[in-house]
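One structure is given here, and the rest of the page talks about it.
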Amino acid sequence: MDYLQIEGGKKLSGTVEISGAKNAALPLIASTILSKNVVNISNIPNVKDIRTLLNLLNILGANFWYEKNRAKIDTSFITSTTAVYDIVRTMRASILVLGPLLARFGHCEVSLPGGCAIGQRPIDLHLKALSLMGAEIEIKNGYVLTKAKKALKGTHIIFDKITVTGTENIVMAAALAKGTTTIVNAAKEPEVIQLCEVLKKSGVDIEGIGTDELKIVGTDRELLNFEDFSVIPDRIEAGTYLCAGAITNSKITIKKCDPNHMDAILTKFTQMGFDLKIKDNEITILPAKKIYPIEIITSEYPGFPTDMQAQFMALSLKADGTSIIEERLFENRFMHVSELMRFGANIHLKGNIATINGPCKLYGADVMATDLRASSALVLAGLTAKGTTKVHRIYHLDRGYENLEKKLKNLGASIERLKE
Ligand code: EPZ
């Protein structure tokens, strides 16, 4: 297994290019199941989760070509609708094939994703909505068995909780349903918006894009004609590199980002005392004279994203005072706390609230990644800790960050990928 070795204390400088958003590319790749033509996608991040989903489509019978952040996907030869446990257990976002497969073929068997480090993460809302659309659903031997004798029927759906992949699954199912589906309490993350925009351009009548109420007029199993499209920039990767500049008190610029997707994140940087220069698709962060403590409550978009919580916790270790972070989306998304404490962090946990008493003197340590975003927080702490840090189990990082160590090294960090 690989690990990252970081010599802390280096100032960073220069620019870093942001990759396409993993969490936009995943539903978009799943949506190609709804297409009658070969789909050309550009600006796809070269990360493990993308390769896993493309591999799953291939196992179902689809063909694809994937190179240099571009993919051509042809799903006309899909012969199977079973998403097997071996794949789904490595990436829960595989559940995104459920809606499109069921809508197109009238049946689908997907392994239950199982829990994950950050929480139980059930899919009850996905299944409840699909059964309202006429699907018969059975849970057997760890699989969700679904079938719909006729086309799924358009219906009125109210989500009890806002769910990103739940909204995406139902939007894709509704695209091929017979009749109109309205989704109330829909997620409106930029990644959900891009999926709706791409489906709309491919022939699906969708209203309310970007709001919490979507109206989708289904094509009654008439397959769609996708136009070529490019994946939106990754707002979480962008926020992570701004944290790298902030935590090392450096001036760096991130390029190929979309500041319009990052309001809640950028506001927190300014509240902590960092100046930002924003121009089109570039953001420059400048060192803070004094780093102020911060209060963060994670919530659905456009609120502060849970996927940036761990990174800001690492940054708050440098703040001059007590920061409070409340995690409201997942029940166990503080796995990075005990690892950050190995650097010397002073953090107290009470339920889903973390109190961080900064500034903390941080010393390099051996630490272990536990989930994708937690691992990036450990790298951030290693960039500023005195001495050598080794971040183990970085397969978590490789799921969602393209060339992380190369991008950080280009900014001047002392970071190497080594073998255990
Ligand atoms: C998406 O996960 C993202 N993944 C996550 O990013 C992100 O953290 C999360 O949204 C929240 O923004 C992808 O887009 C591939 P949810 P998702 O359904 O869709 C509960 C990363 O780092 N819930 O919006 O699985 C659930 O338990 C990943 O890239 C139900 O109770 O999240 C959670 O508490 C990590 N029943 C809350 O809703 C359901 O049927 C939000 O979950 C579905 C969800």
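Observations on the structure shown:
- Helix 235-247 and the longest principal axis of the C-alpha atoms of the chain enclose an angle of approximately 0°.
- 10 °C / 1.306 mPa s Stokes-Einstein diffusion coefficient of the chain, Kirkwood radius on C-alpha pairs, µm²/s: 72 µm²/s
- Solvent-accessible area, 1.4 Å probe, carbon plus sulfur percent, for the range 324-364: 53 percent
- Put a plus charge on the Cβ of each Lys and Arg, a minus charge on the Cβ of each Asp and Glu, and nothing anywhere else: the dipole of the range 322-373 about its Cα centre is then about 140 debye.
- For Arg333, the solvent-accessible surface with a 1.4 Å probe is about 20 Å², rounded to the nearest 10.
- Lysine pair count for the range 1-132 [Cα-Cα under 29 Å; pairs on different chains or 8 or more apart]: 14
- The fraction of accessible area contributed by carbon and sulfur in the range 229-270 is 44 percent, rounded to a whole number (1.4 Å probe; ligands and nucleic acids excluded).
- Protection proxy ranking, peptides 389-401, 192-204, 16-28, average beta carbon neighbours within 10 Å, highest first: 16-28, 389-401, 192-204
- C-alpha center-to-center spacing [the range 164-237, the range 332-387] in angstrom: 37 Å
- Look at the dipole of the chain built from charges on Cβ: of Val184, Gly166, Leu411, the Cα furthest out on the positive end belongs to Leu411.
- The charge dipole of the range 1-148, taken about its Cα centre with unit charges on the Cβ atoms of Lys, Arg (+1), Asp and Glu (-1) only, comes to about 240 debye.
- Accessible area of the chain divided out per residue, in Å², using a probe of 1.4 angstrom: 40 Å²
- His107 accessible area, assembled protein chains, probe 1.4 Å, Å²: 80 Å²
- Using alpha-carbon coordinates, inclination of helix 190-201 to the longest axis of the chain, degrees: 30 degrees
- Between helix 372-384 and the chain: long-axis angle, C-alpha atoms, 0 to 90°, nearest 10: 20 degrees
- A Cβ-based charge dipole, computed about the Cα centre of the range 166-218 with Lys and Arg at +1 and Asp and Glu at -1, lands at about 220 debye.
- Gyration tensor (alpha-carbon) shape descriptor, the range 271-420, a/c threshold 1.5: rounded
- When the surface is traced with a 1.4 Å probe over the full set of protein chains, Thr180 keeps roughly 60 Å² accessible.
- 222 nm mean residue ellipticity, helices alone, for the chain (DSSP H n ≥ 4; -39,500 (n - 2.57); rounded to 500): -8500 deg cm²/dmol
- The apolar share of the surface of the range 67-224, taken as the fraction of accessible area on carbon and sulfur atoms (1.4 Å probe, ligands and nucleic acids excluded), comes to 52 percent.
The values are calculated or read from the model by the stated rules, or taken from the named source; none is laboratory data. As the structure is a prediction and not an experimental result, all values here were calculated from the model. Reconstructed Cβ throughout: ideal geometry from the backbone, glycine too, with neighbour counts over all protein chains shown. Accessible surface areas use protein heavy atoms only, side chains included; no ligands, DNA or RNA. Shrake-Rupley method; radii C 1.70, N 1.55, O 1.52, S 1.80 Å.
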